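The values are calculated or read from the model by the stated rules, or taken from the named source; none is laboratory data. In this text, all values refer to a predicted model and were calculated from it rather than measured experimentally. Heads up, the Cβs are rebuilt from the backbone with ideal geometry, glycines too, and the neighbour counts pull from every protein chain shown. Quick note on the areas: whole protein, heavy atoms, side chains included, nothing else; ligands and nucleic acids left out. Shrake-Rupley method; radii C 1.70, N 1.55, O 1.52, S 1.80 Å.
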Amino acid sequence: MDALRTEPEHTEHERSWLHITLTDPDRPHKAMERPKERFPHTLKLSFTAGHHTSDESYGTRVNGRSDHDITLGFVEHVTNVPATAPERDLLSEGLESVRVQVAAREAR
């Protein structure tokens, strides 16, 4: 992302209609907005690299982690910043609500 936004070799494309493919290992914050600062005619943004590069399965990666920790990890992965205290509280309340609903359904 930084190279795309700063390297002079891309100057000739500043007014072109673009499909940009980012190769950053993580999805950058404001991934579509940031390139548009330099390339206002960006039509599509794609990603070739994912955050997770290990061959380890998803089940193995989340094994032993709480639902809350998994959702916090997801929020950080998607936004590229950790959840705020209010967001953590909201996620905790939502997960607890689901637990209560499932327990009530199973008790019938």
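Side notes on the structure shown:
- Relative contact order computed over the chain (Cα-Cα under 8 Å; 6+ residues apart), in percent: 24 percent
- In order through the stretch 11-25: 3J(HN,Hα) via Karplus (6.51 cos²θ - 1.76 cosθ + 1.60), integer Hz, x for Gly, Pro: 4, 4, 9, 4, 10, 7, 7, 10, 10, 9, 10, 8, 10, 4, x
- Per-residue SASA remark: Glu106, around 140 Å² accessible (1.4 Å probe; ligands, DNA and RNA not included).
- (i) 66, 31, 25; (ii) 37, 29, 18; (iii) 56, 29, 16, with the label sought being that of the calculated Cα extents along the principal axes in Å: (i)
- Glu33 versus Ser66: modelled label distance in nm, points set 7 Å from Cα along the beta carbon direction: 3.1 nm
- Length gained on full extension, Glu87 to Glu106, computed as 0.36 nm times the residue gap minus the Cα-Cα distance: 4.0 nm.
- Solvent exposure of the chain amounts to 74 Å² per residue of accessible area, where only protein heavy atoms count and the probe is 1.4 Å.
- Taking the protein heavy atoms of the chain in the context of the full set of protein chains, the accessible area attributed to carbon and sulfur is 53 percent at 1.4 Å.
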